[in-house]
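Reviewing the structure listed below.
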Amino acid sequence: MDRLQYWYGEDYELIPNKLYIKHPKLLDILKIGQDKYAAYVSVLTLSPLHVADILYDNFKIWYKDITSWTLFINNLIAEMQNKDTDQIMSEALEFFTGLKFNPMMDANDNLMLINSDKNVVINEITFNAMCQFIKDINFMEDAEIYYQLQNAGSKGTAKYIMRQIASKRKIKNKNDVDLQSICSSLLWKTGVGEELFNYPIYRIYEGYARLNALDNWDKTVTAYYAGTIDTEKTKINFEKINWSKILK
């Protein structure tokens, strides 16, 4: 999808006239709660990279030997078989698609998700497209350590990085910023009111990032013209800090 469509808040037509992926507004998230929404997003965008240490230590599975699709659908099957657990993955699928899906095998023994009522099928290609859309509208980007793991030069280096990831996983860090604090920041900084609840989630996250870019630009330019930055030692790339640049 075009970024302007993200900003407008259109749902993603993944399969023409059959499957649309919801671009939730803040009010949609309010109805289920930000914690549950965060959980939905998390289970649908989980990559083997994110749990590489758990896969290897507990199941002897190397993260490169399993895809995000396989990881998701195996976890979904396990969840559906255990009725005592929260059905978070099934709920996440239904929230973003508006449909209930069940895992099935196709004629070539490939796993897929199917909604029999509307004859809608999700395979690995459509699943990956859906996940990318969800990541994009939520302004998600992997931490640097996952890029280091992905580009590790050897298996030994990868195992070392995985140990670092495992160590950080044991430290329970409380987020300093969440969706509520972002909305509060937008409200008090810009004066936007109740209409915020009708904004699509992409516009909220993009707006927060845009305000940060604008503040950084203002402070840097003010310091530059005030002569408090030693431009001989610190070169300023005005294109890089341009507050109206494309945010990623």
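Derivation of every value follows stated rules applied to the coordinates shown; laboratory data play no part. Please read these numbers as outputs of a predicted model, since none were measured by experiment. Please note: Cβ atoms are built from the backbone with ideal geometry, for glycine as well, and neighbour counts cover all protein chains shown.
Okay, here's what the table says:
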item	result
Simple label model, 7 Å out from Cα along Cβ direction - Trp217 to Tyr147, nm	2.3 nm
For the stretch 110-213: rounded, prolate or oblate by the Cα gyration tensor [a/c cutoff 1.5]	oblate
Label assignment, Cα extents along the principal axes in Å derived from the structure, set [x] 61, 46, 38; [y] 69, 49, 32; [z] 54, 40, 38	[y]
In Hz, Karplus ³J(HN,Hα) per residue of the stretch 26-40 (6.51, -1.76, 1.60; θ = phi - 60°; x = Gly, Pro)	4, 5, 4, 6, 4, 5, 9, x, 5, 5, 5, 4, 4, 5, 4
Global geometry of the stretch 156-195, whether rounded, prolate or oblate, following the gyration tensor of its Cα atoms and the 1.5 cut on a/c	prolate
Length added when fully stretched, Glu232-Asn128, from 0.36 nm per residue minus Cα-Cα	32.7 nm
Dipole magnitude of the stretch 89-133, debye to nearest 20 (Cβ charges: Lys/Arg +1, Asp/Glu -1, about Cα centre)	120 debye
Cα centroid separation, the stretch 42-86 to the stretch 195-248 (Å)	38 Å
Sorted peptide list for 6-19, 73-86, criterion being average Cβ within 10 angstrom, highest first	6-19, 73-86
Length gained when the stretch Thr67-Ala166 is fully extended (0.36 nm per residue, less Cα-Cα span)	33.6 nm
Leading residue at positive end of dipole, the chain (Cβ point charges), from Val51, Met89, Leu111	Val51
Rounded FRET efficiency, nearest 0.05, which uses the C-beta distance separating Thr157 from Asp2 and R0 of 30 Å	0.20
Projected label distance in nm at Val121 and Glu94, using a 7 Å step from Cα toward the beta-carbon	2.4 nm
Estimated distance in nm for a label pair at Tyr224 and Ala38, the labels positioned 7 Å out from Cα along Cα-to-Cβ	3.6 nm
DSSP-loop GluC sites (Glu not before Pro) across the stretch 88-178, with at most 16 other Cβ within 10 angstrom	Glu141
Degrees, to the nearest 10: 124-137 long Cα axis against longest axis of the chain	30 degrees
